[in-house]
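Encoded as structure tokens, the structure appears first; notes follow it.
The values are calculated or read from the model by the stated rules, or taken from the named source; none is laboratory data. This one's a predicted model, so the numbers in the text were calculated from it and none came from an experiment. For neighbour counting, all protein chains shown are included, and Cβ atoms are generated from backbone atoms with ideal geometry for every residue, glycine included. The accessibility values were calculated without ligands, DNA or RNA, using every heavy atom of the protein model including side chains. Shrake-Rupley method; radii C 1.70, N 1.55, O 1.52, S 1.80 Å.
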Amino acid sequence: MLTLNIIGAGKLGQSLARLWRDAGLVEIGAVHNRSLESSETAIQHIGAGSAALDLESMPDAKLWMISTSDSEIESIVKKLANSGQINAGSVVFHCSGLLSSSVLESIASIGALVASTHPVMSFASPLSDLDSFTGTYCGCEGDKAALATLSPIFESIGGRCFT
């Protein structure tokens with residue numbers, strides 16, 4: 001089973017993590033939000049995981065989802081690249097509909113597989129969104145190997161992946 005760490009578990013991050021966990025597709029590792037309280041609230045909704053105070057305290061994981069606001073992605077990526085937490089072969093992806101996977105270049109340069117996977121859906125509430133995800137189109141681009149890992153887990157929860 002794949003282990004998933006989440007950076008920025010807001011409505012979208014919580015919804016995807018809960019759907020994947022409920023489907024038995026991932027094991028939730030750590031959740032890192034701006035505050036410990038926010039991380040603990042996200043973990044409560046997801047039903048699994050542990051709160052990470054900072055990026056350096058996050059455990060090893062095969063999947064790293066960055067679901068922060070678009071304006072935060074580049075700074076998070078730089079911090080993550082410098083943290084020593086990413087291993088060659090780790091899959092790091094963001095869920096922005098605005099940015100491509102090229103913003104993950106500093107992580108790709110250390111051997112991570114990178115992608116952008118954006119569900120074309122408004123995530124107004126994590127609890128209500130769980131029932132309405134099936135049939136959601138998900139725009140995907142990035143490394144072939146990253147997409148070979150990500151597309152099946154999105155499709156397994158009802159996503160309709162396209163490039």
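Of the residues examined, residue 58 is not one that is within 17 Å of residue 10 (Cα to Cα) and either basic (Lys, Arg) or crowded, with 19+ Cβ neighbours inside 10 Å (or both). Among what's in the range 121-147 and is of a type in the set (A, V, I, L, M, F, W, C) and within 15 Å of the chain's Cα centre (by Cα), pick the residue that is surrounded by the fewest Cβ atoms within 10 Å (Cβ to Cβ). This residue is 123. Only one of these conditions is not met by residue 151: (1) open to solvent by less than 30 Å² (accessible area, probe 1.4 Å); (2) out of contact with any Phe, Trp or Tyr (no Cβ under 8 Å at 6 or more places or on another chain); (3) modelled with pLDDT under 95; (4) not in a loop (DSSP other than H, G, I, E, B). Which number is it? Status for residue 151: all satisfied but (3).
Residue by residue, here is whether (1) open to solvent by less than 20 Å² (accessible area, probe 1.4 Å); (2) in contact (Cβ under 8 Å) with a residue 12 or more places away in the chain holds:
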site: 31; (1), (2): yes, yes
site: 42; (1), (2): yes, yes
site: 54; (1), (2): no, yes
site: 71; (1), (2): no, no
site: 85; (1), (2): no, yes
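With the condition kept exactly as written, say whether any residue in the range 8-23 is closer than 15 Å to residue 157 by Cα, surrounded by fewer than 17 Cβ atoms within 10 Å (Cβ to Cβ), in contact with a helix residue (DSSP H, G or I) (Cβ under 9 Å, 6 or more places away or on another chain) and not acidic (Asp, Glu). Yes: the range 8-23 contains one or more residues that are closer than 15 Å to residue 157 by Cα, surrounded by fewer than 17 Cβ atoms within 10 Å (Cβ to Cβ), in contact with a helix residue (DSSP H, G or I) (Cβ under 9 Å, 6 or more places away or on another chain) and not acidic (Asp, Glu). Residue check: is residue 39 at pLDDT below 95 and in a helix (DSSP H, G or I)? Against the criterion (at pLDDT below 95 and in a helix (DSSP H, G or I)), residue 39 does not qualify.
Residue count for the range 51-85, restricted to those that are over 12 Å from residue 4 (Cβ atoms), outside any helix (DSSP H, G or I) and more than 14 Å from the chain's Cα centre (by Cα): 6.
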